[in-house]
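Asker: First the structure, which I've put down as structure tokens, then a few questions once you've had a look.
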Amino acid sequence: MSAPRLTHPALRKEIIATACRMNGLGINQGKSGNLSHRVPEGFLVTPTGMDYDTLKPSDIVPMGFDGSHGGARLPSSEWRFHRDILQARPEVNAVIHTHAMFATTLACLGREIPAFHYMVAVAGGDSIRCASYATFGTEQLSRHAVRALEGRKACLLANHGMIAIGDTLKSALALAVEVETLAAMYWRALQVGAPTILDPAEMARVIEKFRTYGQQRSSAGMGQPSKSRRS
Ligand SMILES: [Zn+2]
């Protein structure tokens, strides 16, 4: 292969590294997840049906917001919700989608994650919503996802998986891990009984505290508390 000049080589490598890390962290199954990052011309997205550990920078697909794509590979079948989220949310640069075990288990029950734990606020509100079901890859699924993400940085997708967004791939990945941890805790709590749900006033206090911490520890981005936030 000749080596045409690739756009955004460092970002392509970071997308691949993040995709591999997603599987290493156990928050994705096989090649089912996908991720994207905004660029000035549109966005870059992982290709459809390829194992992450075989990906080369040239396999990452450049796309325009009109749905056009370049490069040698076809984009992820879920490119529509990546595009629509990036279009609807100018503060967001990175979108991560996985079929993480516990988040997907709750999503298959059509359950959102309520404020059973104060850390639910890392996703931006007093719940992590579950978007209604629609066939994968469709505009309908994309519309449901954008709506479930209103005022939030993560959501579940009914009978499907989850989405986490952020200003960087790093912050989106950290949030995806947090959502999966919360889903696992909530699932476990449900096995024993009915978890106590924190009231909206308390969650509003937590959300406000997280906002302040996010500014002091800027690395996590988007007002999201950093790793050291846990008491
Ligand atoms: Zn999926």
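The values are calculated or read from the model by the stated rules, or taken from the named source; none is laboratory data. All figures in this text were calculated on a predicted structure; none of them were measured in a lab. Please note: Cβ atoms are built from the backbone with ideal geometry, for glycine as well, and neighbour counts cover all protein chains shown. Surface areas here come from the heavy atoms of the whole protein model, side chains and all, with no ligands, DNA or RNA. Shrake-Rupley method; radii C 1.70, N 1.55, O 1.52, S 1.80 Å.
Asker: Fully extended, how many nm does the chain gain between F136 and R211 (0.36 nm per residue separation, minus their Cα-Cα distance)? List each step's numbers first, then the result.
Answerer: Values: separation 75, 0.36 × 75 = 27.00 nm, distance 3.35 nm.
Roughly 23.6 nm would be gained on extension.
Asker: Normalised radius of gyration for region 1-118, please: alpha carbon Rg relative to 2.2 N^0.38 Å, two decimal places. Working shown, then result.
Answerer: Details: Rg = 15.2 Å, N = 118, 2.2 N^0.38 = 13.5 Å.
Dividing the Cα Rg of region 1-118 by 2.2 N^0.38 Å gives 1.13.
Asker: In addition: For region 63-187, state the semi-axes of the equivalent ellipsoid (square roots of 5 times the eigenvalues of the alpha-carbon gyration tensor), sorted largest first and rounded to whole angstrom.
Answerer: Details: eigenvalues 113, 47, 31 Å².
Three semi-axes, in Å: 24, 15, 12.
Asker: If you don't mind, there's one more thing I want to ask. How high is the relative contact order of the chain, in percent, with contacts defined as C-alpha pairs under 8 Å that are six or more residues apart? It would help to have the intermediate numbers written out before the result.
Answerer: Values: 449 pairs, mean separation 41.6, N = 231.
Normalised by residue count, the contact order of the chain is 18 percent.
Asker: Further question: Could you provide, to the nearest whole Å², the per residue accessible area of region 1-139 with probe 1.4 Å?
Answerer: On the way: 6210 Å² over 139 residues.
Per residue, region 1-139 has an accessible area of 45 Å².
Asker: Could you rank H144, H69, H82 by how accessible they are, 1.4 Å probe, largest area first? Intermediate results must be reported in sequence, preceding the final value.
Answerer: Working: H144 25, H69 90, H82 0 Å².
If we order H144, H69, H82 from most to least accessible, we get H69, H144, H82.
Asker: For the chain, take the longest principal axis of its alpha carbons; what is the angle in degrees between that and the long axis of helix 79-88, to the nearest 10 within 0 to 90?
Answerer: That works out to roughly 60 degrees.
Asker: Please list the equivalent ellipsoid semi-axes of the chain, computed as the square roots of five times the alpha-carbon gyration tensor eigenvalues, in descending order and whole angstrom. Walk me through the numbers on the way to the answer.
Answerer: On the way: eigenvalues 179, 71, 49 Å².
Result for the chain: semi-axes of 30, 19, 16 Å.
Asker: Nearest 0.05, what FRET efficiency do D51 and R143 give at R0 = 45 Å with Cβ-Cβ as r?
Answerer: On the way: r = 30 Å, r/R0 = 0.67.
Result of the calculation: an efficiency of 0.90.
Asker: Moving to a separate point now. Under a straight-distance cross-link criterion of Cα-Cα below 24 Å, which lysines are reachable from K56, leaving out those fewer than 8 residues away in the same chain?
Answerer: List returned: K13, K31, K170.
Asker: Using a 1.4 angstrom probe on heavy atoms only, work out the carbon and sulfur share of the accessible area of region 63-178 in %.
Answerer: Numbers: 2240 of 4180 Å².
Reported share for carbon and sulfur atoms: 54 percent.
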